[in-house]
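Report on the following structure.
The values are calculated or read from the model by the stated rules, or taken from the named source; none is laboratory data. In this text the structure is predicted, and so the values were computed from the model without any measurement. Quick reminder, even Gly has a Cβ in these numbers, built from the backbone with ideal geometry, and neighbours come from all protein chains shown.
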Amino acid sequence: MSNTPIKSILIVGGGTAGWMAAAAIKRSVGPNAEVRLVESADIGVVGVGEATVPTIKDFNALIDLDEAEFMRETRATLKLGIEFNGWGRKDSAYFHPFGTYGGGSTLGDFPGSYFAMREQGRALSLEAYSICAHAARRGRVGARSPDPRSPLSGLHTAYHFDSVLYGQYLRKVCARRDIERIEGEIVEVVQRPEDGFIDHVVLKDGRTLKADLFIDCTGFRGLLIEGALKAGYEDWSHWLPMNRAWAVPCAKVRAVDPYTSSTARDAGWQWRIALQHRTGNGHVYCSDYVDDDAARETLLANLDGEALAEPRPLRFVTGRRKALWDKNVVSLGLSSGFIEPLESTSIHLVQVGIFRLLQHWPDLAFSQTNTKAYNRRLVREIEMVRDFVILHYHATDRDDTPFWRYVRDMPIPDSLAERVELFRDRGLMFQVGADEYFQPTSWLAVMYGQGIVPRTHNPLYDYQNPEQVAAGLEQLRRGWAATAEALPTHEAYLKSHGMWAMDPVAA
């Protein structure tokens, strides 16, 4: 069967992950293979992840979405980064921007110059040197310029959107592209006796659905990858002890912020995400340190508008499947694992799984070499995201609650410990490989923003002319500030580009 192509793909489960997979795979295999999706209207979707990172634009380009239509349909807004309140200290705040600090298209030597100048008292806060931070603080947005000489070349954006509406929109897109949707609840998964591969699934009404390749998008339960294939689960709750969340929308009461807000609470943190028609809110927490009712009340007490629904509870265990692809089943989204949405990586990891699957696309031989390579790459990428999220908890000076004392003092992965110590020593950062999503800009924003200060700077930068460097930093700051000030307001930009929904739906 070597080199015999896959002719049928069945995506099990809808929601964001399922419809993203359907759209991308159909776009890639075209008319040469059958792509179907089976889902049950009786099985709900989690649907609370509303913030993304800039790579979502690569995915939307892959499946050829019209940006204005996509934003109207999902009531989307633009996102320039994340504001963190109370993480390093209870009274502290910092901004993690997209893009880079300083001039140019890469970080270059900015950190070395910055720390040398900071020691001399001749540099301001990091966000003074980010165009995304300047624009976000002013509530302004714009289009990124392809000209590297333009200050707007660094204006990277992602989206906030209603994830339920996103899934529904992708479903409509898929219907236009002749992807068959099958309504039905799976009651049995049948494996081939000779090798354990999935042969077919059986629906409640007796129908059977066969396929060469199955994509498991069934959420936390992992109907195929875990229920049938028993892949196993690697639990990371000793590093990321958050295990529950409440989510609730509230009424929009002010101009739409082009950034996510994350505010530390006594036993976790709270998100705030502004959409066109409402504001999304949630409280992620560890039930070992606060009970469910108290966590719910904390969320409701810190809304800036009237709650539009009863808070919805979620439970989870942070970690990943031990095998993300096993036999002829590839797991995506919550079926593959879960990392809390602190850095908006849930949809990003779905996208990464899809892109890597397309790069490692199988034939009917299902080469184990290929499958193992996919799993190694995905595990590495997921673990790098895991380390970055752990950093937010580890890099804190808070000791005002048992929760913050625990996460501050807990052991961390060696891979993260090395990064932190190198930065603490002299501000050195590095990128593990091309597959790593979080760039040095992000590590710098969080480590320095939460109070990790290098003991010294790289002595190479003692050779620079301090007067020239200080003048250059001030020129950058003034340039970013003036450029940001000239941009349109968030809402005005969306309306002028046909991205604003004329009749926003109720929450």
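Given the conditions (1) surrounded by 14 or more Cβ atoms within 10 Å (Cβ to Cβ); (2) over 25 Å from S262 (Cα atoms); (3) out of contact with any Leu (no Cβ under 6 Å at 6 or more places or on another chain), report the number of the one that R478 does not fulfil. Among (1) surrounded by 14 or more Cβ atoms within 10 Å (Cβ to Cβ); (2) over 25 Å from S262 (Cα atoms); (3) out of contact with any Leu (no Cβ under 6 Å at 6 or more places or on another chain), the lone unmet condition for R478 is (1).
Might you let me know whether the range 262-272 holds any residue that is touching a residue at least 24 places away in the same chain (Cβ under 8 Å), over 20 Å from the mean Cα position of the chain (by Cα) and surrounded by 24 or more Cβ atoms within 10 Å (Cβ to Cβ)? Outline the logic, then answer.
Filtering the range 262-272 down to residues touching a residue at least 24 places away in the same chain (Cβ under 8 Å) leaves 262-272.
When the remaining residues are screened for being over 20 Å from the mean Cα position of the chain (by Cα), the result is 265-267.
Checking which are surrounded by 24 or more Cβ atoms within 10 Å (Cβ to Cβ) leaves us with 267.
Looking through the range 262-272, at least one residue is touching a residue at least 24 places away in the same chain (Cβ under 8 Å), over 20 Å from the mean Cα position of the chain (by Cα) and surrounded by 24 or more Cβ atoms within 10 Å (Cβ to Cβ).
Of all residue pairs spaced 6 or more apart or on separate chains, those with beta-carbon atoms under 7 Å, a first member in the range 384-396 that is without any contact (Cβ under 8 Å) to a residue 40 or more places away in the chain and a second member that is of a type outside the set (A, V, I, L, M) are D387/P413; D387/S415; H394/R408. Quick check: is even one residue across the range 67-86 modelled with pLDDT of 95 or more, surrounded by fewer than 21 Cβ atoms within 10 Å (Cβ to Cβ) and touching a Gly at 6+ places or on another chain (Cβ under 6 Å)? Yes, some residue in the range 67-86 is modelled with pLDDT of 95 or more, surrounded by fewer than 21 Cβ atoms within 10 Å (Cβ to Cβ) and touching a Gly at 6+ places or on another chain (Cβ under 6 Å). Here the condition is being among the small types (G, A, S) and farther than 21 Å from K90 by Cβ; of A295, A255, A301, A264, it holds for A255 alone.
Which of the residues that make up the range 290-316 are assigned to a loop (DSSP other than H, G, I, E, B) and surrounded by fewer than 16 Cβ atoms within 10 Å (Cβ to Cβ)? Hits for the range 290-316 are D291, N302, D304, G305, E306, A309, E310.
For first residues located in the range 141-169 and assigned by TED's automatic domain parsing to the domain that holds E39 and within 20 Å of T441 (Cα to Cα), partners that are modelled with pLDDT under 90 and in a helix (DSSP H, G or I) and lie 6+ apart or on another chain with Cβ distances below 9 Å do not occur.
Output the residues belonging to the range 2-34 that are assigned to a loop (DSSP other than H, G, I, E, B), on the phi < 0 side of the Ramachandran plot and either of a type in the set (A, V, I, L, M, F, W, C) or surrounded by 24 or more Cβ atoms within 10 Å (Cβ to Cβ) (or both).
Let us first name the residues in the range 2-34 that are assigned to a loop (DSSP other than H, G, I, E, B), namely 2-4, 6-7, 13-14, 33.
Then keep just the ones that are on the phi < 0 side of the Ramachandran plot; that gives 2, 4, 6-7, 14, 33.
Residues satisfying the conditions are I6, G14, A33.
Taken over the range 75-102, the criterion of being in contact (Cβ under 8 Å) with a residue 60 or more places away in the chain and small (G, A, S) is satisfied by A76, G81, G86, G88, S92, G99, G102.
Go through the range 197-206 and count every residue that is over 14 Å from L223 (Cβ atoms) and either surrounded by fewer than 10 Cβ atoms within 10 Å (Cβ to Cβ) or in contact with a Leu (Cβ under 7 Å, 6 or more places away or on another chain) (or both).
Taking the range 197-206 as the starting set, the residues that turn out to be over 14 Å from L223 (Cβ atoms) are 197, 199, 205-206.
Then drop every residue that is not either surrounded by fewer than 10 Cβ atoms within 10 Å (Cβ to Cβ) or in contact with a Leu (Cβ under 7 Å, 6 or more places away or on another chain) (or both), which leaves 205-206.
Matching residues across the range 197-206 total 2.
Taken over the range 420-436, residues that are assigned to a helix (DSSP H, G or I) and surrounded by fewer than 21 Cβ atoms within 10 Å (Cβ to Cβ) amount to 6. Can you pull out every residue in the range 437-454 that is surrounded by fewer than 17 Cβ atoms within 10 Å (Cβ to Cβ) and within 19 Å of the chain's Cα centre (by Cα)? Once the filter is applied, which keeps residues that are surrounded by fewer than 17 Cβ atoms within 10 Å (Cβ to Cβ) and within 19 Å of the chain's Cα centre (by Cα), the range 437-454 yields only Q439.
Kindly indicate whether any position in the range 394-404 is within 26 Å of T55 (Cβ to Cβ), in a helix (DSSP H, G or I) and among the aromatic types (F, W, Y).
No, the range 394-404 has no match at all.
Please indicate, with yes or no, whether at least one residue in the range 35-42 is more than 22 Å from I198 (Cα to Cα), at pLDDT below 95 and outside any helix (DSSP H, G or I). Can you show your working first?
Narrowing the range 35-42 to residues more than 22 Å from I198 (Cα to Cα): 41-42.
Then drop every residue that is not at pLDDT below 95, which leaves 41-42.
Next, from what is left, pick out any that are outside any helix (DSSP H, G or I): 41-42.
Within the range 35-42 (the criterion being more than 22 Å from I198 (Cα to Cα), at pLDDT below 95 and outside any helix (DSSP H, G or I)), the answer is yes, since at least one residue qualifies.
Pick out, from the range 138-254, the strands (runs of 3 or more DSSP E) lying fully within it that include 3 or more residues that are under 30 Å from G479 (Cβ atoms).
158-160
Across the range 317-363, the qualifying residues are those that are among the small types (G, A, S) and out of contact with any Asp or Glu (no Cβ under 6 Å at 6 or more places or on another chain), and the one among them that is surrounded by the most Cβ atoms within 10 Å (Cβ to Cβ) is G333.
Of the residues in the range 53-110, how many are assigned to a helix (DSSP H, G or I) and of a type in the set (A, V, I, L, M, F, W, C)? It would help to see each step written out before you state the result.
Quick first cut of the range 53-110, residues assigned to a helix (DSSP H, G or I) only: 56-62, 67-74, 110.
After this cut, where a residue has to be of a type in the set (A, V, I, L, M, F, W, C) as well, the list is 56, 59, 61-62, 68, 70-71, 110.
The number of residues fulfilling the criteria is 8.
The residues in the range 364-383 that are touching a His at 6+ places or on another chain (Cβ under 9 Å) and in contact (Cβ under 8 Å) with a residue 40 or more places away in the chain can be counted, and the count is 3. Across the range 196-255, the number of residues qualifying as of a type in the set (A, V, I, L, M), in contact (Cβ under 8 Å) with a residue 40 or more places away in the chain and closer than 29 Å to D363 by Cβ comes to 13.
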